[in-house]
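Scroll down for the structure; my scribbles are underneath it.
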Amino acid sequence: MPPVRVRAVRRADLPEVIALDATVTGLHKADYWQRVYRRYGVGGQGLRHFLVATAGARVVGFVIGEVRDWEFGSPPCGWVFAIDVDPQARQQGVGTLLLSAMRQRFERVGVRTLRTMLASDNHLILSFFRSQGLRAGRLIPLELEVGAPS
Ligand SMILES: CC(C)(COP(=O)(O)OP(=O)(O)OC[C@H]1O[C@@H](n2cnc3c(N)ncnc32)[C@H](O)[C@@H]1OP(=O)(O)O)[C@@H](O)C(=O)NCCC(=O)NCCS
């Protein structure tokens with residue numbers, strides 16, 4: 001694989017991002033990705049980031065994150081919402097490069113905690129985040145099914 005670089009997403013990257021997401025989720029969500037691009041790709045003001053990893057001209061991964069203040073009583077922290085690496089480019093350090101680039105952007109604005117959420121049965125992503133130093137935190141998610149007749 002050619003050397004990997006991480007940079008901010010461009011509109012022209014979206015078809016590759018959409019295709020990459022579809023390989024992981026099985027869903028082709030073009031409208032969703034246009035909205036994500038508008039919110040995180042161009043309107044970030046230093047607090048929202050949508051980064052891609054490229055190898056030559058090819059997009060081989062992406063990460064999306066945002067600094068959020070005082071939610072859940074927490075000082076500003078950096079949330080990572082999504083990270084995906086092309087299955088052909090995995091286990092070569094691309095995920096590590098993407099997360100590290102996001103972490104640097106969080107640190108630049110004084111953030112001291114990086115957070116994410118993951119499905120408890122997704123062992124791959126859990127293994128990756130653990131390799132990056134993430135551990136179970138103080139907050140726990142709670143859920144309620146709504147909208148169904150009770
Ligand atoms: C998780 C993911 C981002 C990792 O990307 P990657 O480029 O392969 O990661 P790296 O090469 O930087 O690996 C870093 C570490 O993660 C762990 N890791 C990565 N792939 C692994 C695997 N298949 N099995 C176990 N551990 C793994 C290892 O500890 C690895 O360190 P090592 O290479 O020293 O063993 C990638 O596998 C992926 O996109 N998976 C699907 C994403 C997904 O499910 N997203 C949904 C939630 S947003």
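The values are calculated or read from the model by the stated rules, or taken from the named source; none is laboratory data. Quantities reported herein were computed from a predicted structural model and do not represent experimental measurements. As a convention, Cβ positions derive from the backbone with ideal geometry for all residues, glycine included, and neighbour counts pool all protein chains shown. The area values use the complete protein model at the heavy-atom level, side chains included, leaving out ligands, DNA and RNA. Shrake-Rupley method; radii C 1.70, N 1.55, O 1.52, S 1.80 Å.
In percent, rounded to a whole number, the relative contact order of the range 4-131 is 22, using alpha-carbon pairs under 8 Å and six or more apart. For residue 81, nonlocal amide neighbours, meaning residues 5 or more places apart or on other chains whose placed amide H falls under 5 Å from its own, are 64, 65, 66.
If you place +1 on the Cβ of every Lys and Arg and -1 on the Cβ of every Asp and Glu, how big does the dipole about the Cα centre of the range 4-131 come out, in debye to the nearest 20?
The dipole magnitude comes to about 380 debye.
Which trypsin sites (Lys or Arg not before Pro) does the range 3-75 hold that lie in a coil by DSSP with at most 16 other beta carbons within 10 Å? Sites meeting the loop and neighbour criteria: 10, 29. Given a 1.4 Å probe and the protein chains as shown, residue 1 ends up with an accessible area of around 100 Å².
Among the chymotrypsin sites (Phe, Trp or Tyr not before Pro) in the range 49-150, those located in a DSSP loop and surrounded by at most 13 other Cβ atoms within 10 Å of their own Cβ are 70. On the range 4-131, 51 percent of the accessible area sits on carbon and sulfur atoms, based on a 1.4 Å probe. Accessible surface for the chain, divided over its residues, is 64 Å² per residue with a 1.4 Å probe. Sparse packing (at most 15 other Cβ atoms within 10 Å of the Cβ) combined with a DSSP loop state is found for the following trypsin sites (Lys or Arg not before Pro) in the range 97-150: 112, 135, 138.
Per residue, the convex hull spanned by the Cα atoms of the range 22-150 measures out at 162 cubic angstrom.
Can you sort 100, 120 by 1.4 Å-probe accessible area, starting with the largest? Show your work: numbers first, answer last.
Working: 100 50, 120 105 Å².
Reading off the accessible areas and sorting them downward yields 120, 100.
Given N residues in the range 1-89, what is Rg(Cα) / (2.2 N^0.38 Å)? Numbers along the way, then the final one.
Working: Rg = 13.7 Å, N = 89, 2.2 N^0.38 = 12.1 Å.
The reported ratio for this selection is 1.13.
In the chain, excluding the sites themselves, the longest stretch lacking any of the GluC sites (Glu not before Pro) that are in a DSSP loop with at most 15 other Cβ atoms within 10 Å is 1-142.
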